[in-house]
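Working notes, beginning with the structure itself.
Only the coordinates and a few stated rules stand behind these numbers; no lab work does. Treat the numbers as computed from the prediction; the structure is a model and nothing was measured. Cβ atoms come from the backbone with ideal geometry, glycine included; neighbour counts cover every protein chain shown.
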Amino acid sequence: MRSTGGGYAGTDRDSDGAVDVVVVGAGQAGLSSAYHLARAGLDHVVLDHAPRPGGAWQFRWPSLTYGRVHGMHALPGMELTGADPLRPSSEVIGEYFAAYEDRFGLRVRRPVDVAAVREGDGGRLRVETTAGVWSARALINATGTWDRPFWPRYPGQETFRGRQLHTANYPGPQEFAGLRVIVVGGGTSAVQHLLEISEVAARTTWVTRRPPVFRDGGFGEAEGRAAVALVDERVRRGLPPQSVVSVTGLPLNEAVRAGLASGVLNRLPVFDRITPAGAAWADGSRVDADVILWATGFRAAVDHLAPLRLREPGGGIRVEGTRAVRDERIHLVGYGPSASTIGANRAGGAAVREIRRLLSRDRTATPVL
């Protein structure tokens, strides 16, 4: 079934339907892809496991207001304007995504979990979900990383008597009032957590595996291209992708300068083991803690693609542009170099152009008798 709103194509099929393209995920990458699929007139369905619009943004902590968001870029065809910078980003961006879906008639099925993508009949893909099975000629994977928080393992971790949690479950600073908190991780989230928790906690301690690199000065188009190129090189070699942010360094803004001056952002090398009361280093030093907060990043949520055997020996999926090298029907958007919001927008359009060529070629191919 095709949408009549604005001439955009979509599908209302409940399941067991044959469509041109299945899009998995309705965050920035998924909605961008759906927008371009609709403009191209390709029959598609968008499957999203989240309970409501907003992608991973809907799960962000309340203290992350829209004005503090790092690098949010508007979706194609519709700007985000007039947002209150003091409102939680989860609310602002959730409402924006919902309005975007409505404006362009993007019929997103939710909540739907995709369990596996397998080889189907007649060269099609079989997409098995909690809402039934879809058959597709191509698939755009836009699942991001939020559902796969990375928890490092250290000796004694199971003995810690305090609370351990990950950025994915961070509730905001209020729950840490009067507590001693160790924050582990060298990225933007770790810095944000430290700056706000330190205002209410009894003590904060920052530990990282490598010394943090702070970026002073501007970050223009040339620097952005260089950072993306580093991530892209790993993906082309079949290695697990690093985030674009991980190679850009930490922006040295006013709040960070204040954190460095006050000592909040003075880091220690990562501990050697965790004790029941906190953490310990090989030199005999110890830090007692009530909470260990792991701001240690995320991994790509691609386990449902495992039956297609796309992974390389290096552990990642080798990608050229957005296309999986081992299967040209599979496109990964928001993966590796396209993990930023602006990168996801561009990659969505690029994936649809590749898929149009693939489907056009298949339709005009002459059968070999």
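Given R₀ = 35 Å, FRET efficiency for R299-R361 by Cβ-Cβ distance, to 0.05?
0.55
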>> Assuming 0.36 nm per residue, please report the length gained on full extension of the stretch R309 to R110 beyond their Cα-Cα distance.
In response: 69.0 nm
> Which net charge results when you count Lys and Arg as +1 and Asp and Glu as -1 among the other residues whose beta-carbon is under 15 Å from that of W206?
Replying inline: +3
> Along the Cα-to-C-beta direction of W151, a point sits 7 Å from the Cα; which residues of the range 163-197 have their amide N less than 11 Å from that point?
Replying inline: 164-166
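Would you mind putting 194-204, 307-317, 53-63 in packing order, based on average other-beta-carbon counts within 10 Å, highest first? Can you show the working numbers first?
Working: 194-204: 18.6, 307-317: 15.5, 53-63: 20.3.
Final packing ranking: 53-63, 194-204, 307-317.
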> Given that compact globular proteins tend to follow 2.2 N^0.38 Å, what is the ratio of the alpha-carbon Rg of the range 284-357 to that value?
Replying inline: 1.56
